[in-house]
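Comments concern the structure below.
The values are calculated or read from the model by the stated rules, or taken from the named source; none is laboratory data. All of these numbers come straight from a predicted model, not from anything done at the bench. Cβ placement follows ideal geometry from the backbone for every residue including glycine, while neighbour counts extend to all protein chains displayed. Note: areas computed on protein heavy atoms with side chains; ligands, DNA, RNA excluded. Shrake-Rupley method; radii C 1.70, N 1.55, O 1.52, S 1.80 Å.
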Amino acid sequence: MSSLRIDIPDIVRDAQARASQPVTSVFVAANAGSGKTHVLVNRVIRLLLQGTSPEKILCITFTKAAAANMSERVFTKLGRWVTLPDDQIDREMREAGEAKPNAQLRDRARKLFACALETPGGLKVQTIHALCTRLLQQFPFEAKVPAHFSVLDERDQDELMERANIEVLMAAAGAPGGHLGSALAIAMDNAADMTFKDVVREACLSRDQFLASMDGPGDLEAAMTQVASALGIGVDERAVEVERNIVDGPLLPKEEWTAVADILATGSKTDASLADCLREAAAMEGRDRIDIYLSFFVTGPGTPRKSLMTKALVKEHPELAAQLEREQARVLQASEKLRALELRDRTGALLTIAKAVSDNYRREKRERGLLDYDDLIDRTLALLNDGASGWVHFKLDRGVDHVLIDEAQDTSPKQWDIIQKLIEEFWSGEGARDAKRTVFAVGDEKQSIFSFQGAAPREFDLRRRELKKFFDEAKLAFESVNLQHSFRSGQAILDAVDAIFRDAAIYQSIQADKGRGPVHNALTGAPPALIDLWNLEEPTEAENEGGWSAPLDALPGSSPEAVLAGRVRAEISALIAGNTMTGAGIRRRRVSYGDILILVRRRSAAFDAVIQALKHANIPVAGADRLKLTEHIAVIDLMNLADALLHPSDDLALAVALKSPLFGLADNDLLKFAPQRDGSLRDALRAGDDDWLKAAFERLVAFEQRVAGETPFSFFAWLLGSDGGRARILKRLGPEANDALDEFLELALTYERKEAATLQGFMAWLRAAETEIKRDMEIRRDEVRVMTVHGAKGLEASVVFLIDTTTAPADTQRKNLIRLPQ
């Protein structure tokens, strides 16, 4: 193995040192893999080395996982420094950016670990929402929030929203002639149940874009006036009048349709088909007549027919041809108006219901002292904007000297406003204290992927320019640093990225710098890189190979997804069997399963197919990066056991539980006694003579006795713990089931803190709202990781498969609501 090390160019070391300089405010634009977390950690450490107290440093990250990772890296390095000899600690301080380590710095470095642990408040590394929570808890009176408020997590928010929905729907159903009832009728005519539910939820939670101006009396009418104006129609126009005008217009009244059809029937086959369409319309009534009549003038997609009569028939009846053309223009104009009226009415129905749901949602939050994540941002910003709370700014000014912002490209405008309020004293004069105060932000516009949470990539450059202006005017040091060298990828990969973004229309859509596209450089001596392009797998005409016996979710072996999954499996096996090497220099080694990452655009059939293919080949795979808890097989087994214990006559639930690892019976075991039973499955199990049947029944009785006297959490903790249930489940399903089991127990404990601790209540509560587990794929195991491109942000791997490349990005982000310009 080579002992060569990868050379890090002086330009890279210089950029990292300038970015981590603790006395200068810095805005860093960092390409993917350029070491931004390394720089951020080094800046924190250099701040501590220069004598800054840990409680004076505030690090704002985007996710809890990122906050935990940053804290761990800081404390790991500080902990190692405690015992390092002088030469090694000097080398690490130089790598962190300290050019001239000395005895004083070494002594301080060895004390930093204990200092950070013992300082009250300690080093603050937290998400923006955690910061807002802390501020609101400090100043509840000024912020007008309950003194002991609780923060809604995603599941609690879903539960509250569901209750608010049900309350409104019940009120609408109870008064079908009222405004809610009428709105519900329109909504149900135009949307499926789940689609409507999703749109209402989106409207309620898009408070800034959708419901911001609808809190006062008359605001709904004002909103509808704006909608009607945008659509070019009147507020009082009615669809029924337009429908009547379509079928009974002055140019071709419906009484003449049959006569026109008779003329068309004398022409070609095409003319005859249009004649049939016109006769069918004449025989229909209501909306069906309108739809068929419109189809006479337009094709399926709504495109106007280029000709309504063939040329030969036009020569025979030129006046009729001109009459049909004029009627076509009139009908198309009327149909456009009809669509606008329908859109206005649907929007009005949505606004009416969404406002009622939102009012219920907000009322319950207020009555229970709850805040959601949007509330945290809104209330904190209002607190900091309140001129009457100047002393709040004074107290905050005495608390933080250095603010570090990670993933700045994903910070929303409101979040930026909060941060700017926190740091505005940094450049507004000497202030209450004489201290060097700095701001550090690092991000990359090209990596902004959280627009659905309000992130605006162009805010990154906008805020950089604003801060530079403020610091320059105050004659304070401020610097912009670019990190363009990748520690992660080879030059071939980076050249491919640059080639894609060479088109100005592409790179200007994601970054503010209009001068040139992004530049990505590899380190000298970086390992070689290879991009291997495969041909697309095309669908075949093969019949369904599974037939009636195949599982409902099974893919035919000839499907493109299954074929591609098989090819990925074979490629991975070849890489491992062939002892393929990765890395460079002293890091050169054989590829392992943990070095392989498989990315998809969305969790679709290809996602499931590749996981199944790897498992069938006994290739260790980490499983899905996200999963719905109640759809995980281990949790399904636990829920069916609970149902069987609650309802002894529920034979299906008991059968599923008996086949689970908790009992260990197989299909053939059930077939030996279940089909011939006279009573319930439980009675048949009790009457069994075989030892394995007796053992299963005794175990069931033990569960029944245990659950009768314990809370849900206590019962399941015992079942999965000392009773050995977790070990049985993991033996069959593998270690990935741990995440589902841990989340299940966490939810059981959460339920007991909120509600009366009954098993029946817990099962109903668990099924009431979906709980999604987000598995931490940053934990490196010797397993292949399969996940979405979105979820893989920040991860790295030696071998990456992109297996879902043919769908358009818009396919995965359906926009239900469209915001009108103000």
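Taking label points 7 Å from Cα along the Cα-to-Cβ direction, A499 and T83 give a separation of 5.0 nm. Label zone of R110 (point 7 Å out along Cα→Cβ, amide N under 20 Å): in region 60-91 this covers 75-91. Accessible surface computed residue by residue for region 585-704, with neighbouring protein chains in place and a 1.4 Å probe, gives 47 Å² per residue.
Near the amide H of A687, within less than 5 Å, lie no amide hydrogens of residues on another chain or at least 5 residues away, with H placed in the peptide plane.
For region 302-389, the Cβ-based charge dipole about the Cα centre amounts to some 380 debye (Lys, Arg positive; Asp, Glu negative; other atoms uncharged).
For region 12-111, the square roots of the Cα gyration tensor eigenvalues, ordered a ≥ b ≥ c, give a/c of at least 1.5 with a/b greater than b/c, which places it in the prolate category. Rolling a 1.4 Å probe over the protein heavy atoms of region 1-128, with every protein chain left in place, gives an accessible area that is 52 percent carbon and sulfur. For V125, the residues 5 or more places off, or on other chains, whose built amide H falls under 5 Å of its own are C59.
Sequentially through region 129-138, phi angles give Karplus couplings (6.51, -1.76, 1.60; θ = phi - 60°) of 6, 5, 4, 5, 4, 5, 5, 5, 5, 6 Hz, Gly and Pro residues having no value and appearing as x. Counting 0.36 nm for each residue step from V240 to D690 and taking away their Cα separation leaves a gain of 154.7 nm. Each of A272 and D153 was given a label point 7 Å from its Cα along the Cα-to-Cβ line. The distance between the two points is 6.9 nm. Would you give the gap between the C-alpha center of region 231-299 and the C-alpha center of region 670-700, rounded to a whole Å? When both Cα centres are located, 68 Å separates them. Against the chain, whose longest principal axis comes from its Cα atoms, helix 605-616 is set at around 50 degrees.
For region 648-754, the fraction of 1.4 Å probe accessible surface lying on carbon and sulfur atoms is 49 percent. Using only the Cα atoms of region 612-769, build the gyration tensor, take square roots of its eigenvalues as a ≥ b ≥ c, and label the shape rounded, prolate or oblate: rounded if a/c is under 1.5, else prolate if a/b is larger than b/c, else oblate. Here region 612-769 falls in the oblate category. Of the residues V519, V298, V635, ranked by 1.4 Å probe accessible area with the largest first, the sequence reads V519, V298, V635. Annotation: amide H-H contacts under 5 Å for D372 (H modelled 1.01 Å from N, sequence separation of 5 or more, or interchain): L152. Full extension of the segment from E118 to A666, taken as 0.36 nm per residue of separation minus the current Cα-Cα distance, would add 191.6 nm.
Between the helical axis of 458-473 and the dominant principal axis of the chain, each derived from Cα atoms, what acute angle in degrees is found, rounded to the nearest 10? For 458-473 against the chain, the angle is about 40 degrees. Taking every DSSP helix (H) stretch of at least 4 residues in the chain, weighting each as -39,500 (n - 2.57) and dividing the sum by the residue count yields a mean residue ellipticity at 222 nm of -17000 deg cm²/dmol. In the chain, the longest principal axis of the Cα atoms and the axis of helix 269-283 are about 80 degrees apart.
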